[in-house]
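Data first, discussion second: the structure below is written as structure tokens.
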Amino acid sequence: MKSTSRARIWRWAALALSILLLAWVLRDVDVVRFLRIVAKAEFWPLLILPVAIAAEQLVRAFKWRQLLQPLRMVRVWRLFGATMAGYLANMAAPVRVSPLVRAYLVARLEGLSTSTLLATISIDRLTDGLVFVGFTVLALVFAEFSDATGALWPTLMWGGVVSFVLFCVLMAGLFAGRRWFERPSAAPVLVGLTAWLPRTWREPVSGVVQRFFAGALWPQGIGLPCLIVGSAIAIKLLAIGHFFWVGLAFGVALGLVDYLFLMVFLGFIVILTGTLRIVGGFTAGAVYVLQGLGVDVETALAMTLTIQAITVATVAATGAAALWIQGVRLSTLLEVGGHDATER
């Protein structure tokens, strides 16, 4: 009961903080000028943006395929559909269920364990995180940003350091866990660790844990790891391009390093506001950083809202198409996200 009350209080507090944050960032917006800017936008770059968004996720699916090769060869288009359907479920669910939905959809078609696939998704995300830290270093070294407080650079630097350490620890933990579960002595130890659970839960929980760490694989050799890291870099470069295309629509052309800094800054903002469940964090962060890069507030708001609208439309269209092809309803995915689907 207390936890429910605390969660309700935090939701209201997060909502209030979201409103205050947006009000502060958008305090000087001229609505009439904003509407004029939107009306005068070039149309053709906005046709390229959804293609770029889909291409980014197609590369992500290709990267996931390389991670899955030690388990099974899976078609890229199947993984792409699962990825987009996962993002669609995220939009409809109150919590982030994308990894679980991705794993569930592929598991049901390929005869694999959802738990095992969740481990491959974890490695996928951690690889992205380590590459993101590399881009953070480049942004801190080369980017210039108007920051009156002087706190932004140290914050990003320490954020990068902490992220790097955390990602390395988690990655090492996954691989160490897999090696440990391969030992004959692991089974009795796991039995002891689950002894506090109700008897009917012990075996299922043990199975889930073992199947999860069975998916903590890294391909052998040089070729596949190079493809994985190269794909992670390509994903970030495509993400940088989102603001490039929308900028062309509104007559804004920034330097390459500026787009790099924008991607890094918003990456941290998305993680922070997503963790705290602050609605509008991306909007406020994007408008703030674009202003720091010399873009007026009305144009910055138009660019940000356009990216968000096109992203939602692209995810909705491709995710719904993927579900239709697989014969799965969105309500089924939300049930998967609301219950434990890792029992397989």
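Take the residues of region 157-203 that are among the aromatic types (Phe, Trp, Tyr) and open to solvent by less than 60 Å² (accessible area, probe 1.4 Å): which is farthest from Thr136 (Cα to Cα)? Before you say what the answer is, go through the steps one by one.
First, the residues of region 157-203 that are among the aromatic types (Phe, Trp, Tyr): 158, 164, 167, 175, 180-181, 196, 201.
Narrowing further to those that are open to solvent by less than 60 Å² (accessible area, probe 1.4 Å): 167, 175, 181.
Working: Phe167: 14, Phe175: 25, Phe181: 35 Å.
Selected residue: Phe181.
Listed here are the residues, each with its yes/no results for (1) small (Gly, Ala, Ser); (2) touching a strand residue (DSSP E or B) at 6+ places or on another chain (Cβ under 7 Å); (3) modelled with pLDDT of 95 or more.
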site: Ser5; (1), (2), (3): yes, no, no
site: Leu22; (1), (2), (3): no, no, no
site: Val29; (1), (2), (3): no, no, no
site: Phe34; (1), (2), (3): no, no, no
site: Ala39; (1), (2), (3): yes, no, no
site: Glu42; (1), (2), (3): no, no, no
site: Leu58; (1), (2), (3): no, no, yes
site: Gln66; (1), (2), (3): no, no, yes
site: Pro70; (1), (2), (3): no, no, no
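In region 232-264, what residues are closer than 20 Å to Val131 by Cβ, without any contact (Cβ under 8 Å) to a residue 24 or more places away in the chain and not hydroxyl-bearing (Ser, Thr, Tyr)? It would help to see each step written out before you state the result.
Initial filter on region 232-264 (closer than 20 Å to Val131 by Cβ): 232-244, 256-264.
Checking which are without any contact (Cβ under 8 Å) to a residue 24 or more places away in the chain leaves us with 237, 240, 244, 256, 259.
Of everything in region 232-264, those that are closer than 20 Å to Val131 by Cβ, without any contact (Cβ under 8 Å) to a residue 24 or more places away in the chain and not hydroxyl-bearing (Ser, Thr, Tyr) turn out to be Leu237, Ile240, Phe244, Leu256.
Would you confirm, using the coordinates I've provided, whether Phe142 is more than 19 Å from the chain's Cα centre (by Cα), of a type outside the set (D, E, K, R) and open to solvent by 70 Å² or more (accessible area, probe 1.4 Å)?
Values: more than 19 Å from the chain's Cα centre (by Cα): yes; of a type outside the set (D, E, K, R): yes; open to solvent by 70 Å² or more (accessible area, probe 1.4 Å): yes.
Yes.
Among Val133, Val137, which is open to solvent by 70 Å² or more (accessible area, probe 1.4 Å) and closer than 30 Å to Leu260 by Cα? It would help to see each step written out before you state the result.
On the way: Val133 fails: open to solvent by 70 Å² or more (accessible area, probe 1.4 Å).
Result of the check over Val133, Val137: Val137.
Let me spell it out: the conditions are (1) open to solvent by less than 10 Å² (accessible area, probe 1.4 Å); (2) over 24 Å from Val208 (Cβ atoms), and Ala119 meets all of them except one. Which number is the exception?
For Ala119, the exception is condition (2).
One line per residue, one yes/no per condition, for (1) open to solvent by 20 Å² or more (accessible area, probe 1.4 Å); (2) at pLDDT below 85:
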| residue | (1), (2) |
| --- | --- |
| Gly247 | no, no |
| Val264 | no, no |
| Leu272 | yes, yes |
| Val279 | yes, yes |
| Tyr288 | yes, no |
| Asp296 | yes, no |
| Ala300 | no, no |
| Asp340 | yes, yes |
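More than 13 Å from Leu22 (Cα to Cα), modelled with pLDDT under 90 and crowded, with 19+ Cβ neighbours inside 10 Å: is that true of Ala322 in this structure? Walk me through how you get there before you give the answer.
Working: more than 13 Å from Leu22 (Cα to Cα): yes; modelled with pLDDT under 90: yes; crowded, with 19+ Cβ neighbours inside 10 Å: yes.
Taking the combined requirement at face value, the residue satisfies it.
Can we say Val229 is in a helix (DSSP H, G or I), at negative phi and within 19 Å of the chain's Cα centre (by Cα)?
Details: in a helix (DSSP H, G or I): yes; at negative phi: yes; within 19 Å of the chain's Cα centre (by Cα): yes.
Yes; evaluated as a whole, the condition is true for this residue.
Looking at region 249-262, which of its residues are buried (at least 20 other Cβ atoms within 10 Å of the Cβ), out of contact with any Phe, Trp or Tyr (no Cβ under 7 Å at 6 or more places or on another chain) and assigned to a helix (DSSP H, G or I)?
Hits for region 249-262 are Ala249, Asp258.
Can you run down the residue pairs with Cβ atoms below 9 Å, 6 or more apart or on separate chains, where the first is in region 182-208 and in a loop (DSSP other than H, G, I, E, B) and the partner is at pLDDT below 85 and among the basic types (Lys, Arg)?
Thr194/Arg202; Ala195/Arg202
Here are some conditions: (1) farther than 14 Å from Gly267 by Cα; (2) open to solvent by 20 Å² or more (accessible area, probe 1.4 Å). Arg125 meets all but one. Which one does it not meet?
(1)
For region 96-109, enumerate the residues that are open to solvent by 50 Å² or more (accessible area, probe 1.4 Å) and assigned to a loop (DSSP other than H, G, I, E, B).
Selection gives Arg96 alone.
The values are calculated or read from the model by the stated rules, or taken from the named source; none is laboratory data. All values reported here derive from a predicted model rather than from experimental measurement. Here the Cβ is made from the backbone with ideal geometry for all residues, glycine too, and neighbour counts use every protein chain on show. Areas reflect the complete protein model, heavy atoms only, side chains present, ligands, DNA and RNA absent. Shrake-Rupley method; radii C 1.70, N 1.55, O 1.52, S 1.80 Å.
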